[in-house]
Structures are given as C-alpha cells and as structure tokens.
Amino acid sequence: MNIPQPDVTTRTLHLPESTSWHDTDSDCTIVVSQPAADRNLWEEYLSGAQLSYHKYGVDAALDWDEIADGSDTALFFAAVDSSGKVVGGVRAKEPYHSAEESHAVLEWAGQPGQSTVRKMINDRIPFGLSEMKTAWVSDDPSKGRHLTTTLARTAMHTMAALDIQFIMATAAAHVLDRWRSSGGVVISRVPATPYPDVRYRTKIMFWDRRTYANHAQPNQVAKILAEAAHLSPVTRRLHSVPATSSGARL
C-alpha cells in the first residue's frame, strides 16, 4: 500500500486507496476512504444516510446540497456487512478554519449557548478541529447498537489520520450517550437546542486526542488501540500527539 502524504496547506490526507478491518462486535468490515477515492462506496453510504434520515423525518439535517459531492469530507467510514451492503457509517469534515464552518452555530441560532458554542469551536481550531457528521446505522437490532459503539471509535482514528487534537459532534442526547463511550465529553454548560425540531434535544460533544482515555470506557480504549494498527499506513508518518493528562479546557 502506498503511504498517503498530508497536504501541508490543508493538513488533510489524500488516500490512494481505502483501508479496512473486521469488527467482530457487529460482524462488519469497517472501510476508511474518501469520496474521490471510492465513489461507489461513498454513494452507497449517502444513500443509506438519506433513507435513515428520511425515516425519522429529519431530512433537513442532512444538508444534502452541501455534502453530496464530498468536497467538504476529509474521510468517511462505512460499515459493510457480509453480503456487501453498507449498513452504517459516518464522515469527518475537513478541519475548520472558523466556527462559522460548523453547522452547530446554526443549530444553536437564537438559543441560549450559541456564543459559547462559537467560542469553544474557535478556541480549538488552532490545535486542529474536525467534526463527525452524517452518522447512521442499520435498523437491524442485531447490528445497530454494536455499530453505534464501533463508529464512536472513529473520532480517535480521524484525529490520528488528520493529525489534529479535537473532534466535535452534535446529536440528540441519547445518541451522544453512546458516542461518549470512546472518550467524548458532552458539554453540560451548553443548553440543549431543539434541533432539527422540537422532538430533539441536541447537545454538543468534544473529543480531545490528548485526554480521551481519561473519559473512555476501558474496552473502547483497547479496541481503539487495536484498530489503530490497521490504520498505521495512514498515520505512521504523521506527527504524533502524545497522550497526557493535559488539554484544552472543556
């Protein structure tokens, strides 16, 4: 496999081919790729996202016009079952240069906490910040819960691949409860916002590459480290951020 090199201007990767590993919990293959590198897989992932978001009546949250061409996506992770069907996934946006690039600012528009959200994003941008978006999993009860836990670990893999310190995500509180298993911290001082509609109480979460292990479940840390071996062709030539007990204030 050729080793992708970081772009010194954008600090994003250009993957010559996808990387994958088998996830025993969900019995799926987790594929890491980019829209331009694997167009068919990207379109299957987006098609599944469309169906999932439509089922729950939250199509507006998909921002289809912005994401369809893949231009703002640095990496995406697709879960492929034994039949070859994409049954879940998530994408990581290109690292931010301004808080206004995050949809979170709009999600909190007119709501208490918007200024705090903007400041928290801007404070982390100098250290490298991306956002996990468009997460979905199959309705199959035998896979859905396991896949959500598996996809939660992609935050750490994204930080390593993009050589950044922070990942953020916004989602309904009950979803973030599962995502926090990999070390994400839900920001309690930011009030929930009724986004995409009043049925939901959306919260904001950050992962810190330096301190995630302090907050993650031990079994998630072990799996993150094991999966990192499969991603080493992507990350081994990038600068390593040492794990310490310090980091930006959450």
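Do we find that Gly113 is buried (at least 22 other Cβ atoms within 10 Å of the Cβ) and either at negative phi or not aliphatic (A, V, I, L, M) (or both) in this structure? Step through it out loud before you land on a result.
Values: buried (at least 22 other Cβ atoms within 10 Å of the Cβ): no; either at negative phi or not aliphatic (A, V, I, L, M) (or both): yes.
Taking the combined requirement at face value, the residue does not satisfy it.
Out of the range 24-44, which residues are part of a strand (DSSP E or B), crowded, with 20+ Cβ neighbours inside 10 Å and not small (Gly, Ala, Ser)?
Hits for the range 24-44 are Cys28, Ile30, Val32.
Could we say that Leu13 is crowded, with 16+ Cβ neighbours inside 10 Å and either in contact with a strand residue (DSSP E or B) (Cβ under 9 Å, 6 or more places away or on another chain) or modelled with pLDDT of 80 or more (or both) here?
Numbers: crowded, with 16+ Cβ neighbours inside 10 Å: yes; either in contact with a strand residue (DSSP E or B) (Cβ under 9 Å, 6 or more places away or on another chain) or modelled with pLDDT of 80 or more (or both): yes.
Yes: the conditions hold for Leu13.
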Report task. Among the residues of the range 58-82, write down those that are touching an Asp or Glu at 6+ places or on another chain (Cβ under 8 Å), in a loop (DSSP other than H, G, I, E, B) and touching a residue at least 24 places away in the same chain (Cβ under 8 Å). Result -> Val58, Asp81, Ser82
Query raised in the report: Do we find that Leu51 is of a type outside the set (Val, Ile, Thr), surrounded by fewer than 21 Cβ atoms within 10 Å (Cβ to Cβ) and within 30 Å of Asn219 (Cα to Cα) in this structure?
Result: no
Report task. Considering each of Ser182, Ser130 in turn, give the residue that is farther than 24 Å from Ile67 by Cα, touching a Lys or Arg at 6+ places or on another chain (Cβ under 7 Å) and buried (at least 18 other Cβ atoms within 10 Å of the Cβ). Result -> Ser182
Query raised in the report: of a type outside the set (Gly, Ala, Ser), in contact (Cβ under 8 Å) with a residue 40 or more places away in the chain and touching an Asp or Glu at 6+ places or on another chain (Cβ under 9 Å): does that describe Glu94?
Result: yes
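Just need a number here: residues in the range 113-148 that are outside any strand (DSSP E or B) and modelled with pLDDT of 95 or more.
Residues of the range 113-148 outside any strand (DSSP E or B): 113-128, 138-148.
So of that shortlist, the ones also modelled with pLDDT of 95 or more come out as 113-128.
Within the range 113-148, residues that are outside any strand (DSSP E or B) and modelled with pLDDT of 95 or more number 16.
How many residues does the range 149-166 hold that are outside any loop (DSSP other than H, G, I, E, B), among the β-branched types (Val, Ile, Thr) and either farther than 19 Å from Lys93 by Cα or out of contact with any Phe, Trp or Tyr (no Cβ under 6 Å at 6 or more places or on another chain) (or both)? Full working, then the answer.
Start the filter on the range 149-166 by keeping residues that are outside any loop (DSSP other than H, G, I, E, B), which leaves 149-152, 154-162, 166.
Applying the additional criterion that residues be among the β-branched types (Val, Ile, Thr) yields 149-150, 154, 158.
Adding the requirement that they be either farther than 19 Å from Lys93 by Cα or out of contact with any Phe, Trp or Tyr (no Cβ under 6 Å at 6 or more places or on another chain) (or both) leaves 149-150, 158.
Number satisfying all stated conditions: 3.
For the range 83-99, which residues satisfy the criterion of being in contact with a strand residue (DSSP E or B) (Cβ under 8 Å, 6 or more places away or on another chain) and farther than 29 Å from Thr116 by Cβ? Walk me through how you get there before you give the answer.
Initially, the range 83-99 is screened for residues in contact with a strand residue (DSSP E or B) (Cβ under 8 Å, 6 or more places away or on another chain), giving 86-96.
Within the range 83-99, Val86, Val87, Gly88, Gly89 meet the criteria.
Only residues that are assigned to a loop (DSSP other than H, G, I, E, B) and more than 20 Å from Arg91 (Cβ to Cβ): list them for the range 167-199, please. Let's see the steps before the verdict.
Here is the first cut: in the range 167-199, the residues assigned to a loop (DSSP other than H, G, I, E, B) are 183-184, 187-192, 194-199.
Ile187, Ser188, Arg189, Val190, Pro191, Ala192, Pro194, Asp197, Val198, Arg199, listed by residue number.
The values are calculated or read from the model by the stated rules, or taken from the named source; none is laboratory data. Being a predicted model, the structure only gives us computed values, none of them experimental. So basically every Cβ, Gly included, is an ideal-geometry build from the backbone, and we count neighbours across all protein chains shown.
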